[in-house]
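Asks: Please find one structure pasted underneath; my questions will follow.
The values are calculated or read from the model by the stated rules, or taken from the named source; none is laboratory data. Everything quoted here is computed from the prediction, not taken from an experiment. Don't worry about glycine lacking a Cβ; one is built from the backbone with ideal geometry, like all the others, and counts go over all protein chains shown. When the accessible area is computed, the model is the full protein with side chains, heavy atoms only, and any ligands, DNA or RNA have been set aside. Shrake-Rupley method; radii C 1.70, N 1.55, O 1.52, S 1.80 Å.
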Amino acid sequence: NEYLVELNCPEFTHICPKTGQPDFATIIVRYSPDKWLVESKSMKLYLFGYRTHGSFHEDVVNTIARDLFDLMNPKWIEVLGNFMPRGGISINPKVRIGG
C-alpha cells in the first residue's frame, strides 16, 4: 500500500544571509516512501545543522527536499516551511518533487 510519512520540526532555525539574524520556522516534510525511510534522530541532526547555515527561505526548503529525495528515492516528497513573519509578512515556501 502507498502511505504517507509526515515529519514536523517546529524548532527549525537558520541564518538570514543578508542580516545574519536567525530565522525561525516549522518545517514539515511529507513523503511516500518506496524502500527507505528517514530515521527521526538523523532527520533532527540534519535539520539542526541549518542553525549556522545562511540561506533564504526558498533555498532551505528546496535543499531539504532535494537532499532527502536523492537519499531515499521516495515516490514523491513535499517540504513546507512555515517561517515566522519578518516586517509583518511571513514567507511559507513549499516544494514537491516526484509523483
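Asks: Scanning segment 54-65 for residues that are part of a helix (DSSP H, G or I) and among the polar types (S, T, N, Q), which turns out least open to solvent (accessible area, probe 1.4 Å)? Working first, answer last.
Replies: Step one: filter segment 54-65 for residues part of a helix (DSSP H, G or I), giving 57-65.
Then drop every residue that is not among the polar types (S, T, N, Q), which leaves 62-63.
Numbers: Asn62: 78, Thr63: 59 Å².
Top of the filtered list is Thr63.
Asks: Looking only at segment 1-32, count every residue that is under 14 Å from the mean Cα position of the chain (by Cα), in contact (Cβ under 8 Å) with a residue 40 or more places away in the chain and open to solvent by 100 Å² or more (accessible area, probe 1.4 Å) and tell me the total.
Replies: Total meeting the criteria: 1.
Asks: Considering only segment 44-53, I want to know if a residue exists there that is assigned to a strand (DSSP E or B) and either at pLDDT below 95 or not small (Gly, Ala, Ser) (or both). Before you say what the answer is, go through the steps one by one.
Replies: Taking segment 44-53 and keeping what is assigned to a strand (DSSP E or B), we get none.
No, segment 44-53 contains no residue that is assigned to a strand (DSSP E or B) and either at pLDDT below 95 or not small (Gly, Ala, Ser) (or both).
Asks: Quick check on my filter: what residues within segment 66-99 are open to solvent by 70 Å² or more (accessible area, probe 1.4 Å), in a loop (DSSP other than H, G, I, E, B) and either within 16 Å of Val5 (Cα to Cα) or touching a Lys or Arg at 6+ places or on another chain (Cβ under 6 Å) (or both)?
Replies: Listed by number, the residues that qualify are Asn73, Lys75, Gly99.
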